[in-house]
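Notes to accompany the following structure.
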Amino acid sequence: MAHTEWKDAPGLPDFSLLKRLARDQLIFLLEQLPGKKDLFIDADLMSPLDRIANVTILKFCLYTSSLKYTYFLFFFCRLCFLIRPRIQTVKWISDLVNADKVAGRFRRYKIIFTPQKFYACETVLEEQGVYGDVTTDEWNFYILPLDDDILSLELPEFFRDNFLEGDQRWVTTAGSALRLLQSVYGSFSKVYGIGRCAKMVYESWRELMEDGEQRTRQPEFAKVFLVDRDVDFVTPLCSQVVYEGLVDDLFRIKCGSVEFGPDVTSSDKSIKVMLNSQDKVFSEIRNEHFSNVFGFLSQKAKNLQTAYDKRRGMDIQQMKAFVADELKGLKQEHRLLSLHIGASESMMKKKTKQDFQELLKTEHSLLEGFEIRECITYIEEHINRQVSMIDSLRLLCLLSITENGLLSKDYRSLKAQYLQSYGIEHLLTFANLRQLGLLEEQQAGETLTVMESKVGKLVNDKTVGKLTDAFSSLAKKSNFRALSKRLALVPKSGEEYDLRVPRDMAYVFSGAYIPLSCKLIEQVLERDGWTGMEEVTRMLNGQEFAVTGGSSSSEARSKTDAQRIVLVMFLGGCTFSEISALRFLGKERGCRFIVVTTAITNSSRLLEALLDNSA
Amino acid sequence: FVAYRGQTELLGPLRKIELYEMGWNLKDGLRECLVAAAPYGGPIALLKGHYRRSPSARPQLEIYSSSGLPLASFPWKSGVVKQLGWTVSDDLLCVQEDGTVLVYDLWGGFKRHFSMGNEVSQSQVLETKIFHSPYGTGVAILTGALRFTLATNIDDIKLRRLPEVPGLQEAPSCWAVLTQDRQSKVLVANGSQLFILDNTACTPVTPPGLSPQASSIVHMCVSFSYKYLALLTDSGHVWMGTSNLKEKLSEVDTKIKTPPKQMAWCRRPKSQQPSAVVMWDGLLIVVGECKETIQYHLDDDSVLVPELDGVRIISGTHHELLQEVPGACEEIFKIASMAPGALLLEAHKEYEKESQKADEYLREIKEQSLLSEAVRQCVEAAGHEHEPETQKTLLRAASFGKCFLSNFPPEQFVSMCRDLRVLNAVRDYTVGIPLTHTQFKQMTVQVLIDRLVYRKLYPLAIEVCRYLKTPEYQGVSRVLKHWACYKVQQKEESDEVIAKAVSVKLADAAGISYSEIATKAYESGRTELAIKLLEFEPRSGEQVPLLLKMKKSPLALSKAIESGDTDLVYTVVMYLKNELNRGDFFMMLRNQPVALSLYKQFCKHQEQDTLKDLFNQDDDHEELGNFYVKASYKDQRLEARVALLQSAVDEYYKAKNDFSAKTTEDEMRLLRFQRKLEEEKDEQLVGFSLQDTMTTLLSVGLHKHAEQLYKDFRVPDKRFWWLKLKALAEKEDWEELEKFGKTKKSPIGYLPFVEVCIKHHNKYEAKKYVSKVTPEQKVKAHLAVGDMEGAAEAAIERRNESEISTVLSRCSATTDHLLMERLNRAKATAVKK
């Protein structure tokens, strides 16, 4: 595929500022507790922290070693904990403080919660009787820029807490993140969104805006699109076939970097690589369909060889210049290239096998709604042979969503077989999946309305509306088939799809399916609102909104670059495939998308969050 | 030598401006009064009859504005007052003999009191000083035991007892509070010795160059900025220097040896000249750099109030400001001055007279290209003038000069016009805040607005905000909020009237927090009004804390939920948990699903049993079942596990979830089975899934038991076949495998057999099963064992184009040449068809 620079693409704002802000605040907070101290860092915060402040900076202001909090070693009499506001962690700290008290040790404790502290955590401190012994603070580290166009809140628990547990505490966090972006990069002219959570985030954001001073400045983004993960569960459940997505599926990208094992590096140790637009090789292949990557890499290798070959027949002077100017770049490129070739070889090994092809075929059939019986048989076999716990679950969910629930008979037999394979504790997993509407039994009656009216009697009218919302999101119908038809998500089968020259966003799934979330964004931006999509939004359970920003300078609505930058916020995580699809869309439309997500997700992460055997 | 008019009088390098003729009517002037006036043109407090000390007549405390308008007056009923003083936020402090400090507001309303500690109350207050620092208003006390106690900020009282002064036998001759190095210190003079007291030490110091004839320091004062210090000795010399005692600025002999009443610095910021004012009865002496002093007669008992840029002199009848003549004013008004500003002023005068001289003057300025300097001077001088007429003249001249400049930035002129308009408004007799422009800039508009609000001058404050275009959030809205807070305390009006009035006035103002107003209403005992006001609060989050305080918990809970802020919901839930009994608490949660789900979350981590109770109360058998299942695999003991699972089964049945119940029962059976086998065969089995159990059994050769499970648990045939196939191949038990293959027709077909054998590198065995494979899978089977001919045969037979192609792709051109030809031919025919 042609890899020319995007024509006419607007420049992106500089997000490194966000890193600097976070770093400065952290250092400030740490200096609040003077002297040498032990610092405990929540294991989940290690990688994000690594991205914004390296250990030398911490050492500089702390004289300390940074430890994961499971590692017990106390040198100093001052302890500082840098944690996510989770009840368990706080409880752990309280136990530690109490143990010290019993042992008669006197130490000073400071807890820094990031991105914010929650009342529940303080309650725990109070209940454990250590509230007075501990000082608390907040480190408002809301956003970690993973790449030029990916911002992450690094809150994987957002998905489970919000959609499964009905705990909306992260809503304000998301709102504050938007507020931060707005205060640093200017206000937005238009906000669209769909989903209950999106609506709440918008409300919280609006309130924050009203609270603070209005700063009018030239906005750096034009539009914001908020979308709930539960609007589109299909996309994250599909196998990813775009290079970056595949790397994530196979090797798990963590905070923008990945660890390639010995099979990739063809040496005996593994290498940690940053994957972002700084990596020249990667930036060219990240959005490519996997089948193209190998060809591209070999072409690249040839070019590299030619560049090396230039050396021959050079005189001393030229050689000197070559070594000085080019060699380093070439070496670097060489290193990266060999890594990516290694990675794709290892992928090839895993993915070109028969199994994977069949898996993909089944997925595509499910998306198309074609040969469902065969698919069920395949899934059954998949479960029976215990190929992979997560994959089986994924296929089951995909089947349920696309088919709008399973027939009672199938549901029971598949479930029973799954339990036989992986143990009865997955009964709870299935309860979770049903609650989210990921795996359901087709039901004849209108149980929902019955439940609603029953509850309705208990409470006053005002809250009934809210309740109904809550329930409709609990037990929602997927309507995938109808949506797919209306939005033309699945291209007509039979036509050849040339993956080298993608014609639409479907290329990220081998031409079999356009991600629903991205299609919605495309449609809404095209129509500048939700008009004409009433049918679609009804099927997605409504909750859509479009608001024109009050403070925006409408006279400056001219063709500035900023007007062509769209911020898309995924609440509950987004996949690399979606990001690739949006990049493609941006290229088509001459605009650019910036993705803000609560975390990068994929099918495994999504489903692992719903397993219930760990508790 | 200057062309000054009106109420301004010149005293050498100083000028004296009459600010007000006092509006009060004091019979005895300021005699026998304890007086305190707040800086920045703040209010004046008088304690009349203070020195009279007769038990029958109580002293009277009166508060006035700077122009002498009465603000409050009441008889003093508490103890003996040693000192009055004002805080930075215009609150009155009254320090009593016993060390208690009473705080009153501007209107004489009692706010609170605090004590300066036991030590002070025991040994009584001897002297006290109230001082201002960047940390707020502080109080310093010298006790009867000759020790100093200090509080740097009265809003956050931390008492500090300073170290003892060596050799101090009686009250020191004089002392003062300094702020240095972010610390408040006390400078004490004991005779001719000087000491600096800080937190830890008492350091003796000597001012450089203090004339030796003095045997005692009788008075001292520190400048407004704490940078300079003046000492008066018993020989009548005034020593002036920096307050760190490193540098001497000058020393002047006043030739008066009686101790003065008061001494103060009179110096504007950045000025080069030191000058202090010393006041005796009826006499005021200004000392400066030169040996000469300026003497000035006072008619009446007066008080000096040091300011940032001068000294105010308050007497029983007049209020005056004494300050150094500002540079710009001197340049312009000095007689025969040729400064550009003076010329410009002259030019404008001539212009108004329509005289051609105007042009001459202008030319003169322009030739030296000093016109912009001239305009600047005029604007600056206008700022320093108190008379509106003089201001106007100067500003007109500036504006006139501006016409001849092409790109002179207008901001300075415009903002000066605005500032002056505001200043003139607040200097007005009825308002009585005589701020200078320098002071105004230092105190900022925000503080000025606060002061206006504090004096309940709401309309003026709003006008000022609007006029200065203060952002609404900081300006108008803030004023309105204060107004509303004041309004809700007016007891005589009904709730409805006040609520309506407030909502009407505040309707379109941005950033109003109704909850703060409601809090005020609640604090003044008007709960109903508070609830009414809260209704106007658009952010439900703001309503919650107050509602909780007012014990309106159900309302608070629903508001918290409306706000969508989970943290807030938590707050309310936790509050309720402690407040209500368990039954009521659960009942309330039941009606609020959001709160309930949150509380469940909390219980999951903190109180498992509560969680169970919650489910029980809701008859949520499904969840209870799940709860027991979860509990079961936390328990290690088998009996407990089975018991818990049994509870789960019961709950599932109650929930009419037969499927889950059955599965759980199966699990119980499986557990028992595993246990039994474990005991018999010594294999680790408990806790495995069915599949894993069977795999383990097969792998150790317990086929019988595996078969039993297969039957008991109705395992699908396919699964079992797969399982057994894999397990046998794993053990490379090919014989058994062959037997197994023949037991009956394979439900999974025979291709898996082929593949599994190949996987274990046994081509020989694999071939055995190729023939059994269904025709559709024949090609694959042949290919799997590497039999190209067989594959080709099968493909050709089936005339399937894609299969033929698959085989072709696997052929290598060198060895299978013939085969390829055949295949190609067959393909051609297949395609034709």
Could you check B:Lys111 against (1) touching a Phe, Trp or Tyr at 6+ places or on another chain (Cβ under 7 Å); (2) buried (at least 18 other Cβ atoms within 10 Å of the Cβ) and say which number it fails? (2)
Just a yes or no: is a residue in the stretch A:376-389 under 25 Å from the mean Cα position of the chain (by Cα) and either within 13 Å of another protein chain (Cβ to nearest Cβ) or surrounded by 17 or more Cβ atoms within 10 Å (Cβ to Cβ) (or both)? yes
Got at least one residue in the stretch B:344-354 being of a type outside the set (A, V, I, L, M), in a helix (DSSP H, G or I) and under 30 Å from B:Ala276 (Cβ atoms)? no
Scanning the stretch B:550-572 residue by residue, those over 15 Å from A:Trp170 (Cα atoms), within 10 Å of another protein chain (Cβ to nearest Cβ) and at pLDDT 80 or above turn out to be B:Ser558, B:Thr571, B:Val572
Pairs please, first residue from the stretch A:405-427 and on the phi > 0 side of the Ramachandran plot, second anywhere and assigned to a loop (DSSP other than H, G, I, E, B) and buried (at least 21 other Cβ atoms within 10 Å of the Cβ), Cβ atoms under 6 Å, 6+ apart in sequence or on different chains. A:Gly405/A:Glu440
Those residues of the stretch A:9-43 which are modelled with pLDDT under 80, touching a helix residue (DSSP H, G or I) at 6+ places or on another chain (Cβ under 9 Å) and more than 21 Å from A:Thr135 (Cα to Cα) amount to A:Ala9, A:Pro10, A:Gly11, A:Pro13
Criterion violated by B:Gln592 - all others in (1) polar (S, T, N, Q); (2) within 30 Å of B:Phe659 (Cα to Cα); (3) facing chain A (nearest Cβ under 10 Å) satisfied: (2)
Being surrounded by fewer than 17 Cβ atoms within 10 Å (Cβ to Cβ) and within 30 Å of B:Thr693 (Cα to Cα) is the requirement here; does B:Lys726 meet it? no
Residue check, A:Val102 against (1) β-branched (Val, Ile, Thr); (2) touching a helix residue (DSSP H, G or I) at 6+ places or on another chain (Cβ under 8 Å); (3) part of a helix (DSSP H, G or I), all met but one. Which one? (2)
Take the stretch A:174-199 and flag every residue that is of a type outside the set (D, E, K, R), surrounded by fewer than 24 Cβ atoms within 10 Å (Cβ to Cβ) and within 14 Å of another protein chain (Cβ to nearest Cβ). A:Gly175, A:Ser176
Flagged in the stretch A:153-173 as more than 23 Å from B:Pro538 (Cβ to Cβ) and either away from chain B (no Cβ under 11 Å) or not in a helix (DSSP H, G or I) (or both), in numbering order, are A:Leu153, A:Glu154, A:Leu155, A:Pro156, A:Glu157, A:Phe158, A:Phe159, A:Phe163, A:Glu165, A:Gly166, A:Asp167
Every residue in the stretch B:426-465 that is part of a helix (DSSP H, G or I) and at positive phi, please. B:Thr444
When every residue in the stretch B:660-693 that is more than 9 Å from every other protein chain (Cβ to nearest Cβ) and assigned to a loop (DSSP other than H, G, I, E, B) is compared, the one nearest to B:Ala648 (Cα to Cα) is B:Val686
Quick check on the stretch B:635-646. Is at least one of its residues at pLDDT below 80, within 14 Å of chain A (Cβ to nearest Cβ) and under 54 Å from the mean Cα position of the chain (by Cα)? yes
Of all the residues that make up the stretch A:403-439, how many are more than 9 Å from every other protein chain (Cβ to nearest Cβ) and among the acidic types (Asp, Glu)? 2
B:Ser315 vs (1) buried (at least 22 other Cβ atoms within 10 Å of the Cβ); (2) under 22 Å from B:Ala37 (Cα atoms); (3) small (Gly, Ala, Ser): all pass except (1)
Selected residue (criterion: nearest to B:Val573 (Cα to Cα)) from residues of the stretch B:608-628 that are at the interface with another protein chain (Cβ under 10 Å from one of its Cβ atoms) and surrounded by fewer than 21 Cβ atoms within 10 Å (Cβ to Cβ): B:Glu623
Pick out the one residue from B:Ile531, B:Ile498 that is of a type in the set (Val, Ile, Thr), over 30 Å from B:Val445 (Cα atoms) and part of a helix (DSSP H, G or I). B:Ile531
Please verify whether the stretch B:525-533 includes one or more residues that are crowded, with 20+ Cβ neighbours inside 10 Å, under 24 Å from the mean Cα position of the chain (by Cα) and at pLDDT 80 or above. no
Being more than 50 Å from the chain's Cα centre (by Cα), surrounded by fewer than 18 Cβ atoms within 10 Å (Cβ to Cβ) and under 29 Å from B:Pro204 (Cβ atoms) narrows B:Ile256, B:Ile294 down to just B:Ile256
Test result for A:Ser580, of a type in the set (Ser, Thr, Tyr) and modelled with pLDDT of 80 or more: yes
All but one of (1) surrounded by fewer than 17 Cβ atoms within 10 Å (Cβ to Cβ); (2) more than 28 Å from the chain's Cα centre (by Cα); (3) at pLDDT 85 or above hold for A:Gln354, so report the exception by its number. (3)
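Every residue, every condition in (1) among the charged types (D, E, K, R); (2) on the phi > 0 side of the Ramachandran plot; (3) under 36 Å from the mean Cα position of the chain (by Cα); (4) at pLDDT below 90, yes or no:
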residue: B:Val101; (1), (2), (3), (4): no, no, yes, no
residue: B:Tyr104; (1), (2), (3), (4): no, no, yes, no
residue: B:Phe114; (1), (2), (3), (4): no, no, yes, no
residue: B:Asn118; (1), (2), (3), (4): no, no, yes, yes
residue: B:Leu126; (1), (2), (3), (4): no, no, no, no
residue: B:Pro134; (1), (2), (3), (4): no, no, yes, yes
Answer residue from the stretch B:169-221, given it is within 39 Å of the chain's Cα centre (by Cα) and of a type in the set (Asp, Glu) and is modelled with the highest pLDDT among those: B:Asp198
Return a yes/no flag: does the stretch B:489-497 have any residue that is under 24 Å from B:Asp90 (Cβ atoms), surrounded by 17 or more Cβ atoms within 10 Å (Cβ to Cβ) and out of contact with any strand residue (DSSP E or B) (no Cβ under 6 Å at 6 or more places or on another chain). no
Counting just the residues of the stretch B:22-55 that are more than 18 Å from B:Pro70 (Cβ to Cβ) and among the aromatic types (Phe, Trp, Tyr), which one comes out modelled with the highest pLDDT? B:Tyr40
Looking only at the stretch B:56-66, and only at residues there that are out of contact with any Lys or Arg (no Cβ under 9 Å at 6 or more places or on another chain) and farther than 16 Å from B:Leu92 by Cβ, the one that is modelled with the lowest pLDDT: B:Ser56
Right, B:Asp567: surrounded by fewer than 18 Cβ atoms within 10 Å (Cβ to Cβ), of a type in the set (Asp, Glu) and more than 22 Å from B:Cys485 (Cβ to Cβ) or not? no
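The values are calculated or read from the model by the stated rules, or taken from the named source; none is laboratory data. These numbers come from a predicted model, not from an experiment. All Cβ positions, glycine included, derive from the backbone under ideal geometry; neighbour counts span all protein chains shown.
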